[in-house]
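What follows is a short report on a single structure.
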Amino acid sequence: MVGRGLEKKIKLIQEFRKVDPFISSQTLFAFLYIAQQTYFRAESLRVLDVGHEMDTTSASASRNMALLVKYNLIALYENPEKRIEKFIKLTKQGKLLAKKLEAL
């Protein structure tokens, strides 16, 4: 066993630690899920969807979204048909990070 798969995961975490040295695994998971769905699969995604995928409360999902907005990795925008819903998209910086992580 060489552990190459683990080396890639360590590199992934190291990239996130450049954004925030104390980033939580929940926030890291949220970003990866958002990048996968919105950037690589070109699907629309709501904050509610991320909370559901994370098996957490909407408040917890919202906190993670707020951190990712603070890090300028995602942007939130209102659903014009249902203003209480927020859709998610990657920012330019978020897309760059997603590309970098995909290449690891």
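Just so it is clear, none of the values below were taken in a lab; they were calculated from the coordinates. All values reported here derive from a predicted model rather than from experimental measurement. Virtual Cβ from ideal backbone geometry, glycine too; neighbours counted across all protein chains shown.
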* To do: Could you identify the single residue in Val50, Val69, Val19 that is of a type in the set (A, V, I, L, M) and farther than 24 Å from Lys8 by Cβ?
  => Val69
* Mind telling me which of the residues Glu78, Glu53 ends up being under 21 Å from Leu101 (Cβ atoms), among the acidic types (Asp, Glu) and without any contact (Cβ under 8 Å) to a residue 60 or more places away in the chain? => Glu53
* Asked: For residues in segment 1-44 being of a type in the set (Lys, Arg) and in contact (Cβ under 8 Å) with a residue 24 or more places away in the chain, which is surrounded by the most Cβ atoms within 10 Å (Cβ to Cβ)?
  -> Lys11
* Limited to segment 48-90, what total is found for residues that are charged (D, E, K, R) and in a helix (DSSP H, G or I)? -> 4
